[in-house]
Amino acid sequence: MNKHTNTVWLVAVLSVFGLIYLLGPILTPFLIAAILAYIANPLVNKIEALQLGGHQSKFSFKPSRSIATLLVLLLLLAVLIMIVLIMIPLLQHEFVQISQKIPVYLNAAKANLEPWLQKNFGVSTDIDPAQIQAILTENWKTTGNFAKNIALSLSNHGMAVIGWLGNLILIPLVLFYLLLDWNIFMQKISALLPRQLIAKTQEIASEIDAVLAEFLRGQLTVMVLMSIFYATGLWMAGLEFALPIGILSGLLGFIPYLGFGLGLTLAVIAGVLQFGNLGDLVPMLVVFGLGQLIESMALTPWLVGDRIGLHPLVVIFALMAGGQLFGFAGVLLALPVSAAIAVGFRHAKQQYLSSRFYLG
């Protein structure tokens, strides 16, 4: 009977994972909403617990769960709108600048590289900066017409755009219901657990919650601080495109070495084209070197800590595997799931080391 029960549980677990894999393409908005709900639920709980005016006051008011959820959603929406309003003009401005300066960069690159290539390899470049300048001059002004571009995208890729908009609308809807009933969901899941396993399960869940809370919120803070550091440092080094490269370097910092490597590569390329002198790259190299030291030796241990317990190689593999299996949603969930599995492995190791099989 026990063997039959174990077989049923194994089949059930494998069926659930198989179903998740098959439904992966439509699960993205639900997974994004679940991640946001997990992060935002403590704030909803705090707002719900507020007592405005005091218990003895005639105008005492205690927010309901629905009001607390709506306030948090409005806060998230305000943050998103603020980011969009800041980033779109910034990206448009930077794109226009790049379009106008590409011919200048090509002229500088041709002047510096062509003699060296001709001398050492007998290769001559066939780049016509004047022609590229004419093409860019003809088209760069249209980059600011976002309404026209959006209209063209809607007409040319109607179904894809409709699906994307559907997912975009679905995320806040799912997030609202998850935040509204999050504590109820947790209670119902707890009530379904086998009674002989509930104590151990709650202990493991509590550890996972602590790991994820520290990692997710701490990593977000590290990303923001490093974006500010890189953008400021590159600006002080005189790099024209300090802001987009600095922000990109900081925001991609959650993938080990990718933000640093990509940011450094882009900064060196932009610096060579802008300055034409390798000596002027030294301040940028110092910025990225200090950034790595500050992130790895100060910010990450302080804000994230070592409680996640994953080796950098495991992190890279988890991100690649998550992306391969579940796309963007897999990348989002790779590290939280890996951290949760690591907690489970630690408890399994403790059980193994105290088992009769190990002790003999």
Item to check | Residue tally, condition open to solvent by 40 Å² or more (accessible area, probe 1.4 Å) and in contact with a Ser or Thr (Cβ under 7 Å, 6 or more places away or on another chain), over the stretch 231-246 | outcome: 0
Next on the checklist: Regarding the stretch 35-58, can at least one residue be identified that is modelled with pLDDT of 85 or more, of a type outside the set (S, T, N, Q), part of a helix (DSSP H, G or I) and loosely packed, with under 15 Cβ neighbours inside 10 Å?
Outcome noted: yes
Checklist outcome for this item: Within the stretch 319-352, restricting to residues that are open to solvent by 70 Å² or more (accessible area, probe 1.4 Å) and modelled with pLDDT of 80 or more, the one that is nearest to the chain's Cα centre (by Cα) is I341
Next on the checklist: Show the residue pairs meeting these rules: Cβ distance below 7 Å; 6+ apart or different chains; first residue within the stretch 270-291 and small (G, A, S); second residue open to solvent by 30 Å² or more (accessible area, probe 1.4 Å) and modelled with pLDDT of 90 or more.
Outcome noted: G291/F229
Checklist entry - Could you say which residue among E203, E240 is modelled with pLDDT under 85 and not in a helix (DSSP H, G or I)? => result E240
Checklist outcome for this item: Residues of the stretch 1-20 being farther than 25 Å from L325 by Cα and modelled with pLDDT of 65 or more, in sequence order, are T7, V8
Checklist outcome for this item: With criteria (1) closer than 21 Å to I204 by Cα; (2) at pLDDT 80 or above, V304 comes up short on (2)
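The values are calculated or read from the model by the stated rules, or taken from the named source; none is laboratory data. Everything numeric here is computed off the predicted structure, so don't read it as measured data. Glycine also receives a Cβ, built like all others from the backbone with ideal geometry; neighbour counts cover every protein chain displayed. These accessible areas exclude ligands, DNA and RNA; they are computed on the full protein's heavy atoms, side chains included. Shrake-Rupley method; radii C 1.70, N 1.55, O 1.52, S 1.80 Å.
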